[in-house]
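Structure, as structure tokens:
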Amino acid sequence: MTKTAPRAKPTPAELNILRLLWSIGPATAKQVHEAAQKERPEIAYAAVLRLLQVMHNKGHLSRDESEKAH
């Protein structure tokens, strides 16, 4: 019998991104960044992109790689 490692819980910053995604649905990194800027105007695109990448690696998000956009 194989055991899978428990999935890491999202951090507060990741939860904020998840809430945005739940409200807007499937979105590009640019769209998530634009939505995040409404709450935190100072947030950088690179920070949002990095959070999305980390969340994807943790298994919290899936990614459609059929297009160029992140």
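None of the figures in this text is laboratory data; all of them are computed from the coordinates on show. Only a predicted model underlies this, so the values are computations on that prediction, with no experimental measurement involved. Don't worry about glycine lacking a Cβ; one is built from the backbone with ideal geometry, like all the others, and counts go over all protein chains shown.
When the range 50-66 is limited to residues that are part of a loop (DSSP other than H, G, I, E, B) and without any contact (Cβ under 8 Å) to a residue 12 or more places away in the chain, the one that is surrounded by the most Cβ atoms within 10 Å (Cβ to Cβ) turns out to be Arg63. For Gln31, the requirement of being in contact with a helix residue (DSSP H, G or I) (Cβ under 7 Å, 6 or more places away or on another chain) and without any contact (Cβ under 8 Å) to a residue 40 or more places away in the chain is met. Looking across the range 20-49, the residues that are loosely packed, with under 13 Cβ neighbours inside 10 Å and either acidic (Asp, Glu) or in a helix (DSSP H, G or I) (or both) come down to Trp22, Ser23, Ile24, Lys38, Glu39, Glu42, Ala46.
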